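S.K.: Please read through the structure below; I'll follow up with questions.
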Amino acid sequence: MGRMLLHCCCGPCAMYPLDLLTSEGRDLDCFWYNPNIQPQFEFDRRHENLQKACDHYKIMLLSEGTECMQEYWLAKSYLDEYASRCEMCYDIRMEEVAKFCSENGYESFSTTLLVSPYQQHDKIAEISDKKAVKYGVKFDYIDFRPGFRQGQDMAREIGLYRQKYCGCIFSLEESKFRDKIYKSFEE
């Protein structure tokens, strides 16, 4: 088994996959590329908590991109090319992950998006498979969902911030926790 690049969306979602993959002896690094996380304060907070999760497992975190793309999301021009904002979001991120994987000597990649029961697994796999072919690497589809609750508990145990929305500004506005989230930005 060659080196794997594990795309990570946040610390809590990384906990179970990292626990599982390290227990299997996988050689891996984590990769942060999430311009979908908005606003900037939330982007920074999730990146910091992912670093804590990686430190917990003594796994290297490689980061690409330091800013959210909130204006791009708000412009909605992506709807000319994609069926939905989620499809666009997966496509943009998996493009960068597969490209980085290929350019930096990794054999395969996967993503912690696959731990969430709220994500579109079929769409993630379809897009990731296309990106893997495009860049000559392998996409490892691993259904991490059975460990979702366990990972959330592990995140709580080490004191990680656990967010209440997917990431983009639209999911924030749609969240039933919207007011509480905005208040947390002020604290």
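S.K.: Residue 136: more than 26 Å from residue 40 (Cα to Cα), surrounded by fewer than 17 Cβ atoms within 10 Å (Cβ to Cβ) and in contact with a Ser or Thr (Cβ under 9 Å, 6 or more places away or on another chain), yes or no?
M.R.: So residue 136 fits the description; yes.
S.K.: Name the residue that is farthest from the chain's Cα centre (by Cα), counting only residues in the stretch 82-127 that are of a type in the set (Ser, Thr, Tyr), crowded, with 18+ Cβ neighbours inside 10 Å and not in a helix (DSSP H, G or I).
M.R.: 106
S.K.: Would you pick out the residues in the stretch 171-187 that are part of a helix (DSSP H, G or I), of a type outside the set (Lys, Arg) and out of contact with any Phe, Trp or Tyr (no Cβ under 7 Å at 6 or more places or on another chain)?
M.R.: The answer is 173, 174, 179, 182, 184, 186.
S.K.: Right, something else. What are the pairs, 6+ residues apart or on separate chains, where a residue within the stretch 158-187 that is closer than 15 Å to residue 43 by Cβ has its Cβ under 7 Å from a residue that is among the hydroxyl-bearing types (Ser, Thr, Tyr) and assigned to a helix (DSSP H, G or I)?
M.R.: 165/171
S.K.: Taking the stretch 167-180 as the region of interest, how many residues are more than 17 Å from residue 48 (Cα to Cα) and either in contact with a helix residue (DSSP H, G or I) (Cβ under 7 Å, 6 or more places away or on another chain) or surrounded by 13 or more Cβ atoms within 10 Å (Cβ to Cβ) (or both)?
M.R.: Number satisfying all stated conditions: 8.
S.K.: If you don't mind, there's one more thing I want to ask. Can you tell me which residue among 106, 161 is touching a helix residue (DSSP H, G or I) at 6+ places or on another chain (Cβ under 9 Å) and farther than 15 Å from residue 8 by Cα?
M.R.: The match here is 106.
S.K.: Tally the residues that are part of a helix (DSSP H, G or I), over 14 Å from the mean Cα position of the chain (by Cα) and surrounded by fewer than 14 Cβ atoms within 10 Å (Cβ to Cβ), restricting the search to the stretch 42-80.
M.R.: So the answer is 7.
S.K.: Further question on the same structure: Given the conditions (1) part of a loop (DSSP other than H, G, I, E, B); (2) crowded, with 20+ Cβ neighbours inside 10 Å; (3) over 12 Å from the mean Cα position of the chain (by Cα); (4) modelled with pLDDT under 95, which single one is not true for residue 37?
M.R.: Tallying (1) part of a loop (DSSP other than H, G, I, E, B); (2) crowded, with 20+ Cβ neighbours inside 10 Å; (3) over 12 Å from the mean Cα position of the chain (by Cα); (4) modelled with pLDDT under 95, residue 37 fails exactly one: (3).
S.K.: Shifting gears a bit: Please determine whether any residue of the stretch 51-61 is hydrophobic (A, V, I, L, M, F, W, C) and over 19 Å from residue 115 (Cα atoms).
M.R.: yes
The values are calculated or read from the model by the stated rules, or taken from the named source; none is laboratory data. All values reported here derive from a predicted model rather than from experimental measurement. Counting neighbours? That spans all protein chains shown, and the Cβs are built from the backbone with ideal geometry, glycine included.
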